[in-house]
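> A single structure is presented below for examination.
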Amino acid sequence: MHIFDWKRYIITFIFTAAIVVTALLISSWINSQRVDELRNIQDSISVNLLSSDVQFNLLRDASCSDLFNSSIGQELGSLSDKLSYMESIGRGNDTDVVTLKKYYSLLEIRDYLLSNSAASKCPSRPVTILYFYKANCPDCDRQGQILTYLRQHNPDVLRVYSFDHDLDVSAVRTLANIHKIAEPFPNIVIGGKTLSGLQSIESIEKILPILTATSTATSSKIIRNQ
Amino acid sequence: MAILFVSLYYEIFLLVTYIERRKKIHGVFSVKTRTGDDLPRVTVIVPCFNEEHTVSKTLDSLLALEYPQTKLKIVVVNDGSTDNTLKVLESYRNYPHIEILNKENGGKHTALNLALQQSNTEFVGCLDADSYARPDSLARIIMKFDRPEVMAVVPSLQVFEPKTLIQKIQKVEYVIGAFMRAILAEMNALYVTPGPFSIFRREVFEIVGYYRKAHNTEDMEMAMRMQVNGMHIASAHDAVVYTSSPRGVKTLYKQRVRWTSGFLNNARDYKHMLFNLKYGNIGMFVMPFMIVSSICVLFVITSIGYDLITMVQAWYLRYSSIGLNMFEWSWPSFNWFYIQTTPLLFCGIAAMSIVLIFIILGSRISTDNKPKVLEIVPYVCLYSFIAPLWVIKSLYNVALQKKMSWR
């Protein structure tokens, strides 16, 4: 004798739906925590930048190490990695993330300007690369990998400022216009010179020999320690 | 996500049924309530085809049953074995309650039917010649027939002396299987009466007929036929029967392709049961779920394949960008920010947790077979990756009507 117990099927549906809804809520909560974390990093960078800016403008005697303390570079790098991760998990177009990306771009420009204005005072300041990319551009992904690799291997001497060319920020557009950013993407700007298309590690190291020197020094230090 | 919802639904349904019926499931019948003259006469049929290595142990286990010899008849059918099976069987000729039949090879169902036709006891069962009954198992099974509506009883199957990794994985799988069978029995939705020691009332065969040739899974076909006839199949999860299990991936794969293809082919033969309210839980839920979950494996494999391709593409991108530098060693750093936290992950964790609950509950109800952590971990890590292999092959076989061999 077969029976079909509707009640049990409905109870099961309620439990299953509750688990799925809980999963959705937890996932959404963690994502909001991620956005909060990004905001905290940006606030920290903003305060550090402002502090450097004020020192530079008011005291004029701030040391180069204060102006270019590597924590700002590391924080910008960390923020860049995290924003890239948000893009890779498909949350790049979330309103919060887009706003943070815009803010991040502005922080980058500000750090870049501060770096330029201190050029005469600090000749051994970190070298800078401006990197303009676009969505759906495989070479941009490759360029991103190359620049991340170089940045990670030269944390004290290289700062990479990456800009989404499609991002609706007038300051980014102005910066792109100044440097005559155009197809084909990616574009990178080294020492005021704009290079269009994918640039290999070797070609970047050729333009910026300090990167090769640092990498070699780091490698030999590792070998010595072994 | 839909696939995970369906899987979760199935697991939760079993769990809800367990919670609802737990007192009944855990109620252990005392084997001492019936002794001697009270016990009914039982025939146990042992079909053999080339089982020279295992059949003595099978017969010894039957001889050691805590059941009066006068109430037990053992019929061993040699189904045209080409090895020394018959010679081994001859050494059991002197036991008065063992009968040995010899016939030309015709398949397991013909061996069973030959013995069934000659049996005249109230209860009849089968024990595959690679399985071994625990001494108290038959008495525990017979207790289940105290309920008049019960027409057949299936035991709790456990892996015999698991040694290899594959056997240890199966040990955990069998514990879950024992738990699921106990629940499915409560839902009257068992779709298999396994060859190792399922016992039937004799009238089952008088009503539904004898075994049929059924895609090398006669035990599934018989259960489905009983379900069509509204017969109740119960589970005696405290009646332990050990069965030899494949030692390696290749033999396991072959066995499971036979089982899964058999299920799908039988489900096709009994398609009128699907989504038919008349057949209750088995028609409306269990059989459709089993079929849908087999097909879902295709989607899951496609999705895993897509993820793998994406991963390889990402590696290639990295390689084409920074060359061999991508292999530079760096200490992995933990940052919660980069942990995948999709709803899918949490649903997956929930589904896996329920599987662990099944293992714990299964260990509780099947008294012998407590899996160890070192057996559960490989089960969790490996089983989901090897199971799709035989499901896909079975779907392919069923789609192309391929004939399966027994071994």
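> Counting Lys and Arg as +1 and Asp and Glu as -1, each charge on the Cβ, what is the dipole of the stretch A:101-150 about the Cα centre in debye, to the nearest 20?
160 debye
> Additional query: Place a +1 charge on the Cβ of each Lys and Arg in the stretch B:41-252 and a -1 charge on the Cβ of each Asp and Glu, then give the dipole magnitude about the Cα centre in debye, rounded to the nearest 20. Walk me through the intermediate numbers first.
Values: 23 positive and 24 negative charges, 39 e Å.
Rounded to the nearest 20 debye, it is 180 debye.
> Can you give the mean number of other chain Cβ atoms that lie within 10 Å of the Cβ atoms in peptide A:143-153?
Values: counts 1, 2, 9, 6, 2, 3, 7, 1, 0, 2, 2.
Whole-number average of other-chain Cβ neighbours for A:143-153 is 3.
> A further question on this structure: Can you name the helices of chain B, as whole DSSP H runs, whose Cα span along the helix axis is 30 Å or more and whose Kyte-Doolittle mean is not below -1.0? If you can, show how the numbers build up before the last one.
Numbers: long enough: B:2-26 (33 Å, 0.66); B:165-186 (32 Å, 0.73); B:287-322 (53 Å, 1.31); B:343-365 (33 Å, 2.24); B:373-399 (39 Å, 1.41).
Those that clear 30 Å and a mean of -1.0 are B:2-26, B:165-186, B:287-322, B:343-365, B:373-399.
> Arranged from highest to lowest average of other beta-carbon atoms within 10 Å per residue, in what order do the peptides B:306-318, A:168-180, A:185-197 appear? Kindly include the intermediate steps, with their values, before the conclusion.
Numbers: B:306-318: 11.6, A:168-180: 13.8, A:185-197: 16.8.
Most protected by this proxy first, the peptides run A:185-197, A:168-180, B:306-318.
> Using the Cα centre as the reference, give the magnitude of the dipole from point charges on the C-beta atoms of the protein assembly as shown (Lys, Arg: +1; Asp, Glu: -1; all else neutral), rounded to the nearest 20 debye. Write out the running numbers ahead of the final one.
Details: 65 positive and 56 negative charges, 180 e Å.
The calculation lands at about 860 debye.
> Rounded to two decimal places and with Rh computed the Kirkwood way over Cα pairs, what is Rg over Rh for the protein assembly as shown? Could the numbers behind the result be given before it?
Working: Rg = 34.8 Å, Rh = 29.8 Å.
The Rg/Rh ratio comes out at 1.17.
> Taking A:Lys121 as the anchor, which lysines have their alpha carbon closer than 17 Å to its alpha carbon, excluding any fewer than eight residues away along the same chain?
none
> Still on this structure, I have one more. Rounded to the nearest 5, what is the percent of antiparallel bridges among the DSSP beta bridges in the protein assembly as shown?
Around 35 percent of the beta bridges assigned by DSSP in the protein assembly as shown are antiparallel ones.
> Would you list, by chain and number, the lysines whose Cα falls below 27 Å from the Cα of B:Lys71, excluding same-chain residues fewer than 8 positions away?
Answer for B:Lys71, where 27 Å is the Cα cut-off: B:Lys32, B:Lys57, B:Lys87, B:Lys103, B:Lys108, B:Lys144, listed by chain and number.
> If amide H atoms are built 1.01 Å from N in the plane of the peptide, which residues on other chains or at least 5 residues away come under 5 Å of the amide H of B:Gly125?
Residues meeting the criterion, in which the H sits 1.01 Å from N, are B:Thr43, B:Val44, B:Ile45, B:Phe200.
> When we measure straight from the Cα of A:Lys82, which lysines land under 16 angstrom away, once same-chain ones fewer than 8 places off are left out?
Straight-distance partners of A:Lys82: A:Lys101, A:Lys102.
> Please compute, for peptide A:20-29, the average count of beta-carbon atoms on other protein chains lying within 10 Å of each residue's beta-carbon. Provide the component values of the computation, followed by the final result.
Working: counts 10, 1, 4, 13, 5, 2, 5, 8, 2, 1.
What the average comes to for A:20-29 is 5.
> What is the antiparallel percent of DSSP beta bridges lying wholly in the stretch B:41-252, to the nearest 5? Don't jump to the answer; show the numbers that get you there.
On the way: 9 of 35 bridges.
Approximately 25 percent, going by the DSSP bridge assignments.
> Apply the a/c threshold of 1.5 to the C-alpha gyration tensor of the stretch B:3-92 and tell me whether it is rounded, prolate or oblate.
On the way: a/c = 4.10, a/b = 1.53, b/c = 2.69.
Since a/c reaches 1.5 but b/c is at least a/b, the shape of the stretch B:3-92 is classed as oblate.
> Now for a separate question. Considering the convex hull of the alpha carbon atoms of chain B, report its projected area averaged over all viewing directions, in nm², one decimal.
Values: hull surface 93.1 nm².
Across all orientations, chain B yields a mean hull projection of 23.3 nm².
> Then there is this: Antiparallel as a % of all DSSP beta bridges within the stretch A:109-190, to the nearest 5?
Numbers: 4 of 11 bridges.
Approximately 35 percent, going by the DSSP bridge assignments.
> Beta carbons within 10 angstrom, averaged per residue: use that to sort the peptides A:13-22, B:296-305, highest first. Let's see the in-between values first.
Values: A:13-22: 15.5, B:296-305: 13.6.
Packing proxy ranking, top to bottom: A:13-22, B:296-305.
> For chain B, what does -39500 (n - 2.57) per DSSP helix run (n ≥ 4), summed and divided by total residues, give at 222 nm, in deg cm²/dmol to the nearest 500? Don't skip to the end; give the middle numbers.
Details: 12 runs with 206 residues, N = 407.
Here the helix-only value at 222 nm equals -17000 deg cm²/dmol.
> Would you give the gap between the C-alpha center of the stretch A:98-177 and the C-alpha center of the stretch B:89-147, rounded to a whole Å?
Centre-to-centre (Cα) distance: 80 Å.
> State the answer as a single residue: which of B:Ala351, A:Leu211, A:His2 lies farthest towards the positive end of the charge dipole of the protein assembly as shown, with beta carbon charges of +1 for Lys and Arg and -1 for Asp and Glu, about the Cα centre.
Towards the positive end, the residue furthest out is A:His2.
> Hey, another quick one. Given axes a ≥ b ≥ c from the Cα gyration tensor, I'd like to know whether the stretch B:253-300 is rounded (a/c under 1.5), prolate (a/b larger than b/c) or oblate. All intermediate terms of the calculation are to be shown ahead of the outcome.
On the way: a/c = 2.75, a/b = 1.59, b/c = 1.73.
Because a/c hits 1.5 or more and a/b fails to exceed b/c, the stretch B:253-300 counts as oblate.
> Determine, for each peptide in B:159-167, B:135-143, B:270-278, the mean count of other beta carbons within 10 angstrom over its residues, then list the peptides with the highest first.
Working: B:159-167: 17.0, B:135-143: 22.6, B:270-278: 14.7.
Final packing ranking: B:135-143, B:159-167, B:270-278.
Quick note: the coordinates plus some simple rules give every number you see, no bench work behind them. What you are looking at is a predicted structure, and each value in this text was computed from that prediction instead of being measured. Neighbour counts run over all protein chains shown; Cβ positions are idealised from the backbone, glycine included.
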